[in-house]
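Since the structure comes first, as structure tokens, the remarks are kept for the end.
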């Protein structure tokens with residue numbers, strides 16, 4: 001652990017000598033976050049993961065500007081074209097260009113994954129920290145609600161909601177995925193809060209008169225930030241998989257909109273025809289993106305878990 | 001300890017009651033206005049709908065309906081009425097069969113798939129995770145980590161398709177691409193080769209998830225003070241690993257297994273849909289496509305009940321393993 005320099009060496013208000021300015025940034029820049037970033041960047045898989053995510057975002061959202069394809073009208077004269085000059089990855093059963101399809105399909109997959117993870121994590125963390133810190137009846141009520149919804153397997157709930165609220169559009173899909181996903185962060189953070197509230201520094205804060213909201217927001221949640229970030233990253237990966245599964249079962253967003261899972265659902269019919277471009281590109285896109293988020297999550301876990309530095 | 005188990009058991013009953021309440025409410029948020037509309041179809045007129053509601057008690061107040069519903073699904077309704085204990089999960093008008101009689105056939109097949117896959121996953125993942133933790137940052141750890149990352153990140157249907165192409169398609173052609181079709185438990189067991197690909201798909205994904213947690217949990221424990229103390233006392237490496245570390249490293253895994261039961265059931269749904277294996281998940285998928293709400297909600301209750309029981313077992317084991325966790329003030 002770093003010991004802070006003696007108070008005299010810290011820059012005081014109004015002091016602007018060159019010497020002090022030299023010291024100040026050097027001290028600040030070697031904080032916990034900088035150390036974590038150093039560890040994160042040293043992890044080659046994490047850098048690869050970030051690279052893949054950046055590539056996928058550029059491919060899906062900037063790609064269509066440069067690679068123009070018609071993704072609205074079907075072209076049944078040109079279905080199942082093998083990869084070639086006009087269509088680098090061929091065309092699908094409706095005559096859509098597969099690369100263009102990967103782009104717009106990826107937009108949906110990424111948007112749903114990121115938005116659902118963000119909503120689910122924010123809500124779940126607050127829910128879990130409050131329940132775990134207060135304990136007693138509040139905890140029991142809050143966590144029993146989590147248990148009730150959590151005991152319905154996610155895909156079953158998702159499938160039901162998708163059927164009940166047909167036709168599903170993008171905002172509905174995001175919300176429905178978030179409804180099934182906030183429970184896990186809530187449970188994880190509640191578990192950490194349960195042990196954190198018995199720690200000496202939390203007891204010290206409450207003895208000094210710190211209120212509950214202060215303890216939760218300033219002491220419990222910051223101490224679970226590693227878990228939160230790691231879990232949020234995995235949430236994105238899981239949400240992309242969940243939406244792919246839903247679409248594979250034919251209950252996602254209806255055509256002409258698509259996503260990687262829906263592309264696979266269409267392609268599976270032709271698995272024995274040898275038309276590999278209907279099966280492998282979309283599957284590879286899902287695996288690559290999900291692997292990338294998992295790489296990032298794992299590297300974050302290593303970078304933020306300070307105990308592991310004491311080897 | 002016994003008090004905790006009893007308390008936790010009561011909670012499980014409450015949760016199950018909560019699930020029935022949620023399902024009951026789900027039944028009433030079905031778009032199109034009513035259960036009658038969903039069952040009789042868009043062409044039914046107001047008179048027919050009123051008749052249906054009167055016949056099925058749907059014109060009564062919601063709390064009364066809920067009590068009636070609770071009596072039906074627990075079987076207490078018919079017991080108190082003197083007709084013996086009969087569980088009534090509703091009636092599928094689409095299949096013209098009671099939901100309970102449908103599920104009696106489907107549940108054992110799903111339990112077989114889920115049970116075998118989960119057991120296999122635990123048996124493989126725990127030693128795998130410990131091995132990786134011990135060999136951490138060496139070449140074999142990297143290879144296994146890469147493999148588990150890829151399997152964990154694979155959509156289960158994509159993994160299944162690849163397995164079908166390799167083992168059932170032109171490449172090897174040694175295993176059937178369809179799950180067992182037998183109607184009884186014995187019939188299914190006699191078709192074991194057909195069960196291999198579905199079980200492999202489901203357990204590979206689960207192994208990847210479990211072993212990753214086991215690895216990081218073991219690593220986390222290996223740097224704890226109690227390990228240093230054990231070493232200082234002169235405990236051998238294997239004793240430290242299999243007595244001290246294993247027990248502590250299993251604790252997060254217990255929670256994970258409890259939490260994963262829903263995940264495994266979800267995986268089973270997709271596996272059953274892909275391999276045409278006539279279990280609960282396959283039935284659910286068909287019911288969702290034909291909007292057969294009685295079947296959908298009946299299966300949700302059964303799947304939730306299985307998850308509740310799994311969570312209960314995991315929590316009791318958690319309390320046995322880790323007395324530090326304070327559950328109440």
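Readers should treat all values here as calculations from the given coordinates under stated rules, not as data from a laboratory. This one's a predicted model, so the numbers in the text were calculated from it and none came from an experiment. Don't worry about glycine lacking a Cβ; one is built from the backbone with ideal geometry, like all the others, and counts go over all protein chains shown.
Before moving on, here are some points about what is shown:
- Per the Debye formula on identical point scatterers at the alpha carbon atoms of chain B, with no solvent, log10 I(q)/I(0) at q = 0.09, 0.11 Å⁻¹ is -0.63, -0.87.
- At R0 = 41 Å, FRET efficiency that the Cβ-Cβ distance of residue A:50 and residue A:75 yields, to 0.05: 0.65
- Nearest 10 degrees, 0 to 90: helix B:192-222 Cα axis against chain B principal axis: 50 degrees
- Principal-axis tilt of helix B:2-28 within chain B, Cα atoms, nearest 10 degrees: 40 degrees
- Extension gain for the segment residue B:55 to residue B:142, taken as residue separation times 0.36 nm less the Cα-Cα distance, is 24.9 nm to one decimal.
- Cα gyration tensor shape of the stretch B:93-203, rounded if a/c is under 1.5, else prolate or oblate by comparing a/b with b/c: prolate
- All-pairs Cα distance distribution in the stretch A:86-207, expressed in whole percent, bin size 10 Å: 12, 29, 26, 17, 10, 5, 2, 0
- Cβ-to-Cβ counts within 10 Å put A:229, B:111, B:1, A:263 in ascending order as B:1, B:111, A:229, A:263, the fewest first.
- Inter-part distance where the stretch B:260-329 and the stretch B:151-210 are each reduced to a Cα centre, Å: 20 Å
- Among A:182, A:276, the ranking by other beta carbons within 10 Å of each residue's beta carbon, starting with the fewest, stands as A:276, A:182.
- Set of the stretch A:208-225 residues, backbone N closer than 14 Å to the point 7 Å along the Cα-Cβ line of residue A:198: none
- Label separation (residue B:85 vs residue A:276): 5.8 nm, computed from points 7 Å beyond Cα along the C-beta direction.
- Percentage, to the nearest whole number, of Cα pairs in the protein assembly as shown over 39 Å apart: 37 percent
- Selected from B:125, B:232, B:287 as most flexible by GNM, with chain B as the system and alpha-carbon contacts under 10 Å: B:232
- For B:255, B:68, the sequence from fewest to most other C-beta atoms within 10 Å is B:68, B:255.
- Applying D = kT/(6 pi eta Rh) to the stretch B:221-288, where Rh is the Kirkwood radius over alpha-carbon pairs, T corresponds to 20 °C and eta to 1.002 mPa s, the Stokes-Einstein value obtained is 143 µm²/s.
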